[in-house]
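Okay, structure first, notes after.
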Amino acid sequence: MMLEAVDKQRLDGLAEAAEAYVRGAFGLGLGLQPLAPANLPHFLLDRYRFWQGALQDHPVILMEMKGQGRGVTADLLKHRDLVRRHLGVPLVLALLDSVPTAIRKQMVERKIGFLAPGAQIYVPEALLDLRERAPAITHDPGAQLTPSAQVLVLAALLGEPIDGANLTELALRFGVAIMTMTRALDELEALKIAKSKHVGRQRRLSLQYTGRELWHAVEARLQSPVRKVREVKGRLPDEVAPLAGESALAHYTMLSEPRIARRALAAARWKHITGQFGLAPATPFDHDRVEIETWSYDPHVLARQPAVDRLSLYLSVRHDPDERVAQAAAQLLETFEW
């Protein structure tokens, strides 16, 4: 049973990595949900774990092999076609974890679509083949920073020792794919906010500004991390969802605590946390109501327990029409140690 639990955790983690990889590479969400179709042959359910979602508005099924053996590509080809036929979904991709380049090459030769988080996504049906060393994207000089680039900048402003870190270290620190960090650094370089330094084969981050100078260089490009706010009933601890909004302002300033607490978590973890903690839509009569902000990046990577970090908080409330909130937001910057 313990082995099954560990395997399930690994597979869940792989699905989350797939979400992060596609979002970082394309700015798209897959919206993955576990799938156990009753009309599939039992041997497929025993051998694979399935997720359903959408890629560019097209239904997609991801199938993860629970154990790899010889003849993996031949099996995947046959089993993919079975899944297509039984589920009526043309777009079926293999979800791969730590698969050698040679196997990925075989799959491309056989036109078997796959997604290997942090390495490559190959969708022959869409003529899409994006690799870890994909060409850099041209960035609009007036555009807002992507979430991953924003996290790097905010981390530096918050005093984290990321200057000089390599891409692997940054990816591990912020819980994203190496390719996501690669693109974030490409973006900051294009905007002349950072430069790359190469030490051996490692590419390292080198920021061109620090402190208040960095803030002034990027402030107009920073965006609120909040995607959506939901009101639910249930309880979430600080270590799962730190205080956000007016609740976090009350922690950092003299603003009174709101009647309903507000917390934040990563949008990619919303479904998982909802199930784990039994959250449900709230009614006005529920006493254990809480407001949940879902963010474009994980608030935990920058949080200062029990609340989200000051700068992300400022960005989330700086345009609030409530004068009390606007004044408290201004206080966040007035007292910030650059």
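Every number in this text was worked out from the coordinates using simple rules, so none of it is lab data. Note that the coordinates shown come from a computational prediction; the quantities given were computed from them, not determined experimentally. Heads up, the Cβs are rebuilt from the backbone with ideal geometry, glycines too, and the neighbour counts pull from every protein chain shown.
Tabulated data
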item	result
Scattering curve values for the chain, log₁₀ I(q)/I(0), Debye with Cα scatterers, q = 0.06, 0.13, 0.14 Å⁻¹	-0.25, -1.07, -1.18
Neighbour net charge for residue 330 - beta-carbon separation under 14 angstrom, K R +1, D E -1	-2
DSSP-defined antiparallel bridges as percent of all bridges, the chain, nearest 5	75 percent
Least to most buried among 295, 270 (fewest other Cβ within 10 Å first)	270, 295
Relative contact order (percent, whole number), the stretch 228-306, Cα cutoff 8 Å, 6+ residue spacing	48 percent
The chain: DSSP helices with Cα axial extent of at least 20 Å and average Kyte-Doolittle hydropathy no lower than 0.0	none
